[in-house]
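Please read the structure below before turning to the comments.
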Amino acid sequence: MNKWEIHGGGWHSPEDDVSNVTVGGGYVLEVGKGWNFTGGLALADKSANIDTQLRFYLAGRYDFRCWSVGYIHYSNGESFLNHDREPNEGVNLIVLGRKVKC
């Protein structure tokens, strides 16, 4: 419970043929040897699957050596923020990461 993370990545959306670059950061909660959960905020380009630039994210991962494998969910948070404008939109990704420090 004593560290923060910064992440960057991208994916390609077949719905609108746009590549999406995302940068974010959040608080890392360690819940066992190698297991981590993170929640935070991210900035990205608008796309067909998420139409906002500011996004929330939740992630879970397992760290081993210099690498990690996990799952991340990005969301525009509409149902949480209750803006009554648009439905909640999100994207779920399986991710492979490389640590800066090993």
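The values are calculated or read from the model by the stated rules, or taken from the named source; none is laboratory data. Computed from a predicted model, the values in this text were never measured in an experiment. As a convention, Cβ positions derive from the backbone with ideal geometry for all residues, glycine included, and neighbour counts pool all protein chains shown. Accessible surface areas use protein heavy atoms only, side chains included; no ligands, DNA or RNA. Shrake-Rupley method; radii C 1.70, N 1.55, O 1.52, S 1.80 Å.
Out of (1) modelled with pLDDT of 85 or more; (2) within 12 Å of the chain's Cα centre (by Cα), what's the single condition that is false for S75?
(1)
List, please: which pairs have Cβ atoms under 7 Å, are six or more places apart or on different chains, and start with a residue in the stretch 54-71 that is under 17 Å from G32 (Cβ atoms) and end with one that is among the polar types (S, T, N, Q) and open to solvent by less than 20 Å² (accessible area, probe 1.4 Å)?
Sorted first by the residue in the stretch 54-71, then by its partner, the pairs are A59/T38; R61/N36; R61/S68; Y62/S68; D63/N36.
For the subset of the stretch 23-64 comprising residues that are among the acidic types (D, E) and under 16 Å from N76 (Cα atoms), which member is most open to solvent (accessible area, probe 1.4 Å)?
So the residue we want is D45.
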